[in-house]
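Peer 1: Starting off with a structure, shown below.
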Amino acid sequence: MPDNTAMDRKPTTTIIIEWEGPYSLEELKRVEKGNGLYLLTGREDGKRGREDELQYCGITEKQFCERVKHSHHKVKLIRKDSLQIWIGCLIYPHECVRQHLEDAERAFVSFWDIQMNDKKKRYYPDSPICIVTRWFRPNGEPYQRFPASLQFIKQLDDVLWWDTDDWRVGNLRIQKFEDED
């Protein structure tokens, strides 16, 4: 008897995101990118804490600098001296629609349990999703190791996969090959 379970499952949405940062609010004003996700990191205003943390994940269909500014409802809650902004551009699928942004945001918020995302963290994605991330400096150079001040980013796995029952996570490693001369 044939196994039909694969045919009964919802297809897995695959998203590849290139994160770039960190930026300050002033630096972000000069960035001409948009239609993606953003992360706000730092220390919550009025709370004791010595280490920066991931505070908020959001989406925008506008330019990042238009969405993330001093008047942003969550920016106001993060200490100005610790605020850092990461912008995430979807490189796959090539035709990014709002649903892709919302699916990725929901996956990140529910898995990472981001405190300032008080609405979406209660809901897991409705269908399977696999997200692969890469991290870049503002100048476009890829991170191979994160500096001590950004160690919390290291805790954010390169691959995050929700199959509607379980989370699967992992980090990619750099594989160097010797030249064959």
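The values are calculated or read from the model by the stated rules, or taken from the named source; none is laboratory data. Since the structure is predicted, the reported quantities are computational estimates derived from the model, not experimental observations. Neighbour counts are summed over all protein chains in view; Cβ atoms, including those assigned to glycine, are modelled from backbone coordinates with ideal geometry. Note: accessible area is taken over every heavy atom of the protein model, side chains too, but ligands, DNA and RNA are not part of it. Shrake-Rupley method; radii C 1.70, N 1.55, O 1.52, S 1.80 Å.
Peer 1: For the stretch 24-112, run through the trypsin sites (Lys or Arg not before Pro) and keep only the ones in DSSP coil with at most 13 other Cβ atoms within 10 Å of their Cβ.
Peer 2: Counting only loop positions with at most 13 other Cβ atoms within 10 Å, the trypsin sites (Lys or Arg not before Pro) in the stretch 24-112 are 30, 33, 47, 48, 50, 69, 80.
Peer 1: State in Å² the accessible area per residue of the chain; use a 1.4 Å probe, count heavy atoms of protein chains only, and round to the nearest integer.
Peer 2: Spelled out: the 1.4 Å probe surface of the chain, per residue, equals 65 Å².
Peer 1: Using the Cα centre as the reference, give the magnitude of the dipole from point charges on the C-beta atoms of the chain (Lys, Arg: +1; Asp, Glu: -1; all else neutral), rounded to the nearest 20 debye.
Peer 2: 1080
Peer 1: According to a simple spin-label model (label point 7 Å from Cα along Cα-to-Cβ), what is the distance in nm between residue 164 and residue 47?
Peer 2: For residue 47 paired with residue 164, the spin-label model returns 3.4 nm.
Peer 1: Would you count, across the chain, every pair of lysines whose alpha carbons are under 15 angstrom apart, provided the pair is eight or more residues apart or spans two chains?
Peer 2: Eligible lysine pairs with Cα atoms under 15 Å apart amount to 10.
Peer 1: Additional query: What's the longest bit of the chain with no exposed GluC sites (Glu not before Pro), using DSSP loop states and at most 11 other Cβ atoms within 10 Å as the test?
Peer 2: For GluC sites (Glu not before Pro) (loop position, at most 11 other Cβ atoms within 10 Å), the longest site-free span of the chain is 96-177.
Peer 1: Would you mind computing, in nm to one decimal, how far apart the modelled labels at residue 113 and residue 32 are, each placed 7 Å from Cα along Cα→Cβ?
Peer 2: 4.3
Peer 1: If you restrict to DSSP beta bridges whose two residues both lie in the chain, what percentage is antiparallel, to the nearest 5?
Peer 2: Antiparallel bridges make up about 80 percent of those DSSP assigns within the chain.
Peer 1: Pulled fully out, how much extra length does the chain show between residue 16 and residue 120, if you take 0.36 nm times their separation in residues and subtract their Cα-Cα distance?
Peer 2: Residue separation times 0.36 nm, minus the Cα-Cα distance, leaves 35.4 nm.
Peer 1: Which value results when the Cα radius of gyration for the stretch 38-172 is divided by 2.2 N^0.38 Å?
Peer 2: Against the compact-globule rule of thumb, the ratio is 1.05.
Peer 1: Need one value: the accessible area of residue 73 in square angstrom, 1.4 angstrom probe, rounded to the nearest 10.
Peer 2: Per-residue accessible area (residue 73): approximately 90 Å².
Peer 1: How much accessible area does residue 71 have with a 1.4 Å probe, in Å² rounded to the nearest 10?
Peer 2: Accessible area of residue 71: about 80 Å².
Peer 1: Quick one: angle between helix 98-112 and the longest Cα principal axis of the chain, in degrees between 0 and 90, rounded to 10, please.
Peer 2: 80
Peer 1: On to the next question. When the accessible area of the stretch 35-181 is split by element with a 1.4 Å probe, what percent falls to carbon and sulfur?
Peer 2: C and S fraction of accessible area: 44 percent.
Peer 1: Rounded to the nearest 0.05, what FRET efficiency do residue 81 and residue 127 have when you use their Cβ-Cβ distance and R0 = 35 Å?
Peer 2: 0.30
Peer 1: I've got another one for you. Which longest uninterrupted range of the chain lacks any chymotrypsin sites (Phe, Trp or Tyr not before Pro) assigned by DSSP to a loop state (not H, G, I, E or B) and surrounded by at most 16 other Cβ atoms within 10 Å?
Peer 2: No qualifying site falls inside 1-122, the longest such stretch.
Peer 1: Relative contact order of the chain, please, whole-number percent, based on alpha carbon pairs below 8 angstrom and at least 6 residues apart.
Peer 2: 27
Peer 1: Calculate the spin-label point distance for residue 152 paired with residue 134, positioning each point 7 Å from the Cα along the beta-carbon direction, and give it in nanometres.
Peer 2: 2.6
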